[in-house]
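Asks: Mind having a look at this structure? Questions to follow.
Each reported figure results from applying straightforward, stated rules to the coordinates on display, with no laboratory input. Being a predicted model, the structure only gives us computed values, none of them experimental. Backbone-built Cβ (ideal geometry, glycine too); neighbour counts: all protein chains shown.
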Amino acid sequence: MREPRSGELRRGFRRHESVDPITLVNQLKTAPDLVIVVPVHNGGEIVLDCLRALERHSGRRRIVVIDDHSTDEWTLGMLDGIRSEGRIEVIRNEVNLGYTRTANKATQLDPAADVVLVNSDAIVGPLWVERLRWTAYSMNGVAAVSAFSDYAGGFALPERGIKNDWPEHLGWANVARFIAQESRNWALEAPTAHGFCMYIRRAALDAVGLFDEESFPRGYGEENEWSMRAISAGFTTVGAPHVFVQHAQGASFGDSRTELIANARAIVDELHPSYSPFVGQWFSSKQYATVSADSARMRSILGTDPVRPRTLYVLHDANGGTPETNRDLMNGLAHLQDSFLLMARRNMIRLVHWDNGHAIEIARWMPASPFILTDTWRDDYAALVTEIIVKYAIEVVHVRHLIDQPLTTVPEVCRMLGVPMILSTHDFYYICPSVHLLDQNAHFCGGVCTPGEGPCTLPTEFVRGAPTLKHDWINEWRRRSSTVLDAATRVIATTRSAASIYNANYPRYADKMTLIEHGRDLAGNWSTLRKGRERRPGPVRVACAANWALHKGTEYIARIVAATQGQVEWHILGQGSDFLGEAAVDHGTYHRESFRDVMDTIDPDFMGLFSIWPETYSHTLTEAWALGIPVLATDLGAVADRVRDFGGGILFDVENPESVAAYLLDEAAKLTEGPLDHIDVPRHSIKSRLTMAEDYALLFERVREPITKPVIGYVVKGAGGRHTGSTHVRMIRRVLSAEASSVHFKAINTSDFVSGRDSTEYTSIVIQRDAMDATLVDEFIAVTAARGLPYFVEMDDDLISESSVRRLVKMGYEEAALAALTRLLRSASGLSVSTPELARRLSEFQSKIVIVPNELDDALWTDSRPVSAVEPPKTKAIHVLYMGSVTHTDDLKLLEPVFQRLKASDGRKIVLDLVGVTTDTVEGMNRVAIPAGSTQYPNFVDWLRANGGRWTLGVAPLVEEEFNGAKSDLKFLEYTAIGLPTIASDVGPYRGLDQYGAVLTENSVEAWRTAIRELVDNPVTAREHLEQSADYLVRERTFSSGIGMTVWLRQLLGG
């Protein structure tokens, strides 16, 4: 008999709905480091899955595998490979120690660090270990924190003790992310920790000791017994319902698991007689029931699309280029991330949620005292930032600017919380609070104090609070700014010159520097001003637009204007535009949307960009080039970089405004004799918003998941989640699927790619159908050839063969575009198609063809989420569904006589419902309108599933002709997915589907009528056909069950 180690325990189990940010911040200040340890004994592929998830979601935390003398050759080889990659340490026990001794060994790897034990059959999600750490340090006296799971005994949710079904089609990372974002529970005090995923504080280990390896040598029970000792010593064990970890439970113990559990439980009860009653009290508590119910709620609302990670943007609450660019970025990433903004003023902080292009204010906060420039760490602000990051499950913090707030608070909070921070450099604030690096004489210093004394040029009230900067407090500012750069995972510059200035001042951070130029979409009314018309009469005209201040060149411009008075007409726009008085035309403030109209009124010959500091970008330059206006600019910064790269203007010495005046006077003289010299304007050099957003999307993923993934570019029609149905099915749903999570897919703007604005190192590129601008095809082929970059074409229709081209030209396609597509296909590294027939037809144009059959995305079609019930039509008629694009007019004609006076055997009328197919009204048929918000494919699928109950069967007529022979059987799959048996024409893509439950018919009126009546009159037969079709769909034709994704990815990755 063993002596009991604890007496009777009776206590309540507190449930914490939210974090205590003050406690968390204060405790993290002195918290030790941590080490993640995975004990392994055999296990095979499930161990590899565990380790890959840890690599993706553990940031830069130390990860150690202790191999407890595995004997399985596959596992041993896999661990050798993991060790060689260098990210995870692998330690091998010379003999098998058993789980508990191995776990104790783990606690001694770093005697000062906290320890996180993870079973080798667990799959973690985003920020899992940081969230466990936050929980551990958000309360006093915590010994250990455990994650909850789909399958972890009493820590399984929603129902304990079983394997709970969670929608795996999203991939576990998305499930875990959703739980973190949606959970209404922060912590639940528990009678024990669970060793499958257990964060142990070093203070508890030092006070309580190690696991009892004598009583529990092989594992099971050791964490329960240790927890009882910890609780008896005054500590608390806690479960974190917002941390959800998938668990195979017992995979590493095999068949001995049940016996191990029973023996361990008996020993625990012997050592701690109150353990079982204590656990029973927990299971029956209201707090446990609340957590369980909340998880059931979350499971019921988990959607079909990948859960968007959340990014917090930090910037000043003001107008200007930085907020404008940030809005462009958030809009460009709206389909990939959920954006929040922390907007600072000296005396107020606003938290805003960016939703569908609109700013929705969530909260305001007033600091106890206004922020001042000399503030670094503020406890009140740190608590606020911590609460926001934790409460809203922020995964990346993107600091756009730290002006108007304490310099080091946000970066230090990010460092303590383990949340990656990206730092943008829109100016030179982190080099000097003068922002623009202008000395007392308004000369650019480059970050090196110029000779002499005097106050530097300080542009705002906030920075004017600086102590004496020059040769003095600037050194303290640099020291503080170094902590900001230290905390940053990446530092962003928007142009080479800005990056070089930062690197010169902070060379130790040069390896963090990443260049991402701003992007703009300038279509529609941003066409060239003088396109199709002559220059308007009058003198040489120069327009200058800015929010005017000294650094924008007001004095520089004044000197030019004085020297050209009467010869050149000056137009000034923007805030403070009256600085020249009557010497220029004052247009006042303007908005981005009205800029072209103002420029059209002025009809300028040049745009003047005369900043006396190196701008880090210039929206005005972008807008000028979009309108076909050449620029005259000072030879500084981003403007000079871009003019040197692409032309489109003339550069002048910033110390010599007279050189600008001389040039303009010379141009004025030329104008009296004829037209001005032409300066080509490089509209093609303007980077698109798509490329900018995709550059940031790649960066964000790399800081969230610091692993190396191949990058595959893709070219499709549409952007931002708005695409044709074919594009969604063949491309977008694949790109977003869990099966493709090992690859980063990056949307490509072809113009940016061929011009060099997109410099991503792609593994390969895939182009869907005719998505590429035909005028860029030859350039694209040349660029990819020069870079040795493979590209592939994806096609699900015959747009190439001679007969199809003739047909398509008659339908309105441009013959030149189809010819360009043929050239693109011939030069491609390979082709993927949807059917064997399409492969046969296109084989004369491309020899390397793989067949990737259409498959349904489990996330959209076969998930377990409930679909809202929709009342069937309030008629006695039987409704049959025919859906498709408006290109199916000829196919519809097959059915027009079929449904005339068609009735079931009981006399009920049989009606054909048309969803799409035609825009015409067809006699005897019922057009069903798709709601405005349901036209995009994912929304259409939701709508279709919700309405599935109104139809008895689906029909797929198809005229037997050459073009149709290469089409796919997608309609059959979609009908099956919404629970409808299918009747299809016995032609082309449907031929042979009768073996999978489809009813095939020849294209005669009588044959169609007979087939329809047969299924309508015999529900049992119809059900049998549907069950056969559904079995085929689930077994072979979804992303998770089919071969399509594997074949497609293998081709794109060169396998």
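Asks: Could you compute the net charge surrounding Leu970? Neighbours are other residues with a C-beta less than 13 Å from the C-beta of Leu970; K and R count +1, D and E count -1.
Replies: Counting the neighbours of Leu970, the net charge comes to -1.
Asks: Next question. Does the stretch 862-1036 come out rounded, prolate or oblate by the C-alpha gyration tensor, with a ≥ b ≥ c the root eigenvalues, rounded set by a/c under 1.5 and, if not, prolate when a/b is larger than b/c and oblate if not?
Replies: Because its axes are fairly even, with a/c under 1.5, the stretch 862-1036 counts as rounded.
Asks: Sticking with this one: For the stretch 396-414 and the stretch 496-570, what is the centre-to-centre distance using only Cα atoms, to the nearest Å?
Replies: 29 Å
Asks: Further, regarding this structure: When the chain is fully extended, how far beyond the present Cα-Cα distance does His591 get from Ser527, taking 0.36 nm per residue of separation? Kindly include the intermediate steps, with their values, before the conclusion.
Replies: Working: separation 64, 0.36 × 64 = 23.04 nm, distance 1.73 nm.
Here the segment from His591 to Ser527 would lengthen by 21.3 nm.
Asks: How would Met366, Met416 line up from fewest to most surrounding beta-carbon atoms within 10 angstrom?
Replies: Met366, Met416
Asks: Here's another thing I want to ask about it. So if each residue of separation counts as 0.36 nm, and I subtract the Cα-Cα distance between Arg364 and Arg559, what length gain in nm does that give?
Replies: Separation in residues times 0.36 nm, less the Cα-Cα distance, equals 65.7 nm.
Asks: Restricting to DSSP H runs of at least four residues, report the calculated mean residue ellipticity at 222 nm for the chain, -39500 (n - 2.57) per run over all residues, nearest 500 deg cm²/dmol.
Replies: Details: 35 runs with 367 residues, N = 1055.
For the chain, the value works out to -10500 deg cm²/dmol.
Asks: Calculate, for Asp906 and Ile930, the FRET efficiency according to 1/(1 + (r/R0)^6) with r their C-beta to C-beta distance and R0 25 Å; round to the nearest 0.05.
Replies: With R0 = 25 Å, the Cβ-Cβ based efficiency is 0.20.
Asks: Pull up the cross-link candidates among the lysines for Lys391, meaning alpha carbon to alpha carbon under 27 Å and not fewer than 8 places away within one chain.
Replies: Lys29, Lys286
Asks: Answer rounded, prolate or oblate for the stretch 15-301, using the Cα gyration tensor with square roots of eigenvalues a ≥ b ≥ c: rounded when a/c is under 1.5, else prolate when a/b is larger than b/c, else oblate.
Replies: Rounded, since a/c falls under 1.5.
Asks: Within the stretch 417-521, which GluC sites (Glu not before Pro) sit in a loop by DSSP and count at most 16 neighbouring Cβ atoms inside 10 Å? Mind dumping the intermediate values first?
Replies: Working: sites: Glu453, Glu461, Glu476, Glu517; in loops: Glu453, Glu461, Glu517.
Here the sparse-neighbourhood loop sites are Glu453, Glu461.
Asks: For the stretch 493-587, which trypsin sites (Lys or Arg not before Pro) pass both filters: DSSP loop (anything but H, G, I, E, B) and at most 10 other C-beta atoms within 10 Å?
Replies: Of the trypsin sites (Lys or Arg not before Pro), the ones in loops of the stretch 493-587 whose Cβ has at most 10 other Cβ atoms within 10 Å are Lys531, Arg533.
Asks: Still on this structure, please answer the following. In whole percent, what relative contact order does the stretch 388-514 give with Cα contacts below 8 Å and a gap of six or more residues?
Replies: Relative contact order for the stretch 388-514 comes out at 27 percent.
Asks: Between Asp486 and Asp380, take the C-beta separation as r, use R0 = 25 Å, and let me know the FRET efficiency to the nearest 0.05.
Replies: 0.60
Asks: Can you say what percent of the DSSP beta bridges in the stretch 862-1036, counting only those with both residues inside, are antiparallel? Round to 5.
Replies: Numbers: 1 of 19 bridges.
Just about 5 percent of them are antiparallel.
Asks: Return, for the Cα atoms of the stretch 709-851, the radius of gyration and Dmax in Å, separated by a comma.
Replies: That works out to 14.7, 44 Å for Rg and Dmax.
Asks: Now, a different point. Projected area of the chain, taken from the Cα convex hull and averaged over every viewing direction, in nm²?
Replies: 49.2 nm²
Asks: Using 7 Å Cα-to-Cβ label points, what is the Ala113/Asp511 separation (nm, one decimal)?
Replies: 1.9 nm
Asks: Once each part is reduced to its C-alpha centroid, what is the distance from the stretch 697-776 to the stretch 647-691 in angstrom?
Replies: For the stretch 697-776 versus the stretch 647-691, the Cα centre distance is 37 Å.
Asks: Here is a follow-up. Restricting everything to alpha-carbon atoms, can you work out Rg to Rh for the stretch 487-575 with a Kirkwood hydrodynamic radius?
Replies: On the way: Rg = 19.8 Å, Rh = 17.4 Å.
Rounded to two decimals, Rg/Rh equals 1.14.
Asks: Testing the spin-label approximation: label points 7 Å from Cα along Cα→Cβ at Val1047 and Ser84. State their distance in nm.
Replies: 3.2 nm
Asks: For Ala668, what charge total do you get from the other residues with a beta carbon under 14 Å from its beta carbon, if Lys and Arg give +1 and Asp and Glu give -1?
Replies: My count for the surroundings of Ala668 gives -3.
Asks: Let me ask something else about it. Which distance in nm do the two modelled labels at Met348 and Asp890 give, with both placed 7 Å along the Cα-to-Cβ direction?
Replies: Simple spin-label model gives 6.5 nm for this pair.
Asks: Compute the signed sum of charges (Lys and Arg +1, Asp and Glu -1) over the other residues within less than 13 Å, Cβ to Cβ, of Ile612.
Replies: Net charge around Ile612: -4.
Asks: Using the Karplus curve 6.51 cos²θ - 1.76 cosθ + 1.60 with θ = phi - 60°, work out ³J(HN,Hα) for each residue of the stretch 737-751 in order, rounded to whole Hz, and write x for Gly and Pro.
Replies: 6, 4, 5, 9, 5, 7, 10, 9, 9, 10, 5, 10, 8, 4, 4
Asks: Over the chain, what is the percentage of antiparallel beta bridges among all DSSP beta bridges, to the nearest 5?
Replies: Around 25 percent antiparallel, to the nearest 5.
Asks: Find how much the distance from Thr71 to Ala786 grows on full extension, using 0.36 nm per residue of separation minus their present alpha carbon separation; answer in nm with one decimal.
Replies: 252.5 nm
Asks: Report the calculated FRET efficiency for Asp1017 and Lys717 (r = Cβ-Cβ distance, R0 = 56 Å), to the nearest 0.05.
Replies: Once the sixth-power term is evaluated, E becomes 0.80.
Asks: Right, something else. Shape of the stretch 411-531 from its Cα gyration tensor (a ≥ b ≥ c, root eigenvalues): rounded if a/c is under 1.5, otherwise prolate when a/b > b/c, or oblate?
Replies: oblate
Asks: Counting only DSSP beta bridges with both residues in the stretch 15-301, tell me the antiparallel percent, nearest 5.
Replies: Around 40 percent of the beta bridges assigned by DSSP in the stretch 15-301 are antiparallel ones.
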